[in-house]
Amino acid sequence: MLRGTAMQTIGDFVTWMAGEQEHIANLIALVAVIISFYSLYRSSRIQQEQLRLEKFTAELARQQTIQLKRLQNETPALFLVELAGHLATLVRTLDGINPLWMHRARPGIFERADISHAGLHVICYESYVKDLQDLDTRIRLDNYYKEVLAFNARGAALQAGTGDELTVNYFVRGATTLIRTAMDLCQVLMKMMDDEVLSGDQLGCAIDNLAQQRGYYVTVCNASELDSASLAGLCRRLEQGERNEDIERKYPLPGYLLGLSQAAGQLG
């Protein structure tokens, strides 16, 4: 009996389905439309999210480019300013010691002389050397600052009273080496920066000063290789009007030699 009832129910359902076929088709179509709209809505949301993500990624890339450009420009600029300060200090120190240095063959002359020295800053090296993008420049700066630390240590030894000739010799030679290295590094650092940074007021003044003082730096360095006798001989040649390529290359400011000779003569 139950089986018969079930069969009757199924038959009635089939008959109803046959009679309502059009309505059912419409309902299926409506459901399909709803699903389609929902899919389009989800797809639109996904596309909007993708666009938002692309915009975010593009902005992040732009910010990273700006940051990289800043590091590529500002980091060399910071080192350039610090090295310009080194050059000013080194040349002032060497200029002060050169008159005495001309008499270095005289026994005990450094034992009774006060040699002034100001330590060179290493702030940029400690804080920003890792930000330099160019590996070769980073290595050159690393070697330069190692020499700076050695130079500072020798200066501290001089101020402590250990002014023997060997210590002073290392001090003077270290100063000349650092001056020449710093001048070369400044040229390298300038090539790493774009025109906008180079033309800035403060950095532009530093660069102009480096260019104007280069002849002075070279002359002071090369003068430290002379002694009192060779300095006097060179000054006589200059006073007689002698000029040649070697003199002009090594002593772009010959007037410095004449002044150095007078200062050394007062100590002689």
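Out of the range 253-268, which residues are within 24 Å of residue 109 (Cβ to Cβ) and part of a loop (DSSP other than H, G, I, E, B)? I'd like the intermediate steps shown before the answer.
Just the residues of the range 253-268 that are within 24 Å of residue 109 (Cβ to Cβ), to begin with: 256-268.
The answer is 268, and nothing else.
Checking the conditions here, which among 118, 156, 105, 160 is of a type in the set (A, V, I, L, M, F, W, C), open to solvent by 30 Å² or more (accessible area, probe 1.4 Å) and within 23 Å of residue 214 (Cα to Cα)? Walk me through how you get there before you give the answer.
On the way: 156 fails: within 23 Å of residue 214 (Cα to Cα); 105 fails: within 23 Å of residue 214 (Cα to Cα); 160 fails: within 23 Å of residue 214 (Cα to Cα).
Just a single option satisfies the conditions, and that option is 118.
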Worksheet entry | Matching residues, the range 147-166, being in contact (Cβ under 8 Å) with a residue 24 or more places away in the chain and either within 16 Å of residue 110 (Cβ to Cβ) or polar (S, T, N, Q) (or both) | 152, 155, 156, 158, 159, 163, 164, 165
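Restricting to the range 182-194, give me the number of residues that are out of contact with any Asp or Glu (no Cβ under 7 Å at 6 or more places or on another chain) and either part of a loop (DSSP other than H, G, I, E, B) or touching a residue at least 12 places away in the same chain (Cβ under 8 Å) (or both).
Residues of the range 182-194 that are out of contact with any Asp or Glu (no Cβ under 7 Å at 6 or more places or on another chain), as a first pass: 182-191, 193-194.
Now restrict to residues that are either part of a loop (DSSP other than H, G, I, E, B) or touching a residue at least 12 places away in the same chain (Cβ under 8 Å) (or both): 182-183, 185-186, 188-190, 193-194.
The number of residues fulfilling the criteria is 9.
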Worksheet entry | Residue among 169, 209 that is in a helix (DSSP H, G or I), surrounded by fewer than 17 Cβ atoms within 10 Å (Cβ to Cβ), modelled with pLDDT under 90 and within 21 Å of the chain's Cα centre (by Cα) | 209
Practice prompt. Collect the residues in the range 230-252 that are open to solvent by less than 70 Å² (accessible area, probe 1.4 Å) and part of a helix (DSSP H, G or I), keeping them in residue-number order.
Written response: 230, 231, 232, 233, 234, 235, 238, 247, 250
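Here is a yes/no grid of residues against (1) without any contact (Cβ under 8 Å) to a residue 40 or more places away in the chain; (2) farther than 22 Å from residue 92 by Cα:
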| position | (1), (2) |
| --- | --- |
| 108 | yes, yes |
| 118 | yes, no |
| 121 | yes, no |
| 124 | no, no |
| 132 | no, yes |
| 135 | yes, yes |
| 138 | yes, yes |
| 145 | yes, no |
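Residue 70 - would you say it is modelled with pLDDT under 85 and open to solvent by 40 Å² or more (accessible area, probe 1.4 Å)? Before the answer, list the steps.
On the way: modelled with pLDDT under 85: yes; open to solvent by 40 Å² or more (accessible area, probe 1.4 Å): yes.
Yes.
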Worksheet entry | Considering residues of the range 76-92 that are without any contact (Cβ under 8 Å) to a residue 40 or more places away in the chain and of a type outside the set (Gly, Ala, Ser) only, the residue least open to solvent (accessible area, probe 1.4 Å) | 89
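The values are calculated or read from the model by the stated rules, or taken from the named source; none is laboratory data. In this text the structure is predicted, and so the values were computed from the model without any measurement. Positions of Cβ are generated from backbone atoms using ideal geometry, with glycine treated the same way; all protein chains shown enter the neighbour counts. Side chains are part of the model used for accessible areas, which takes the heavy atoms of the whole protein and leaves out ligands, DNA and RNA. Shrake-Rupley method; radii C 1.70, N 1.55, O 1.52, S 1.80 Å.
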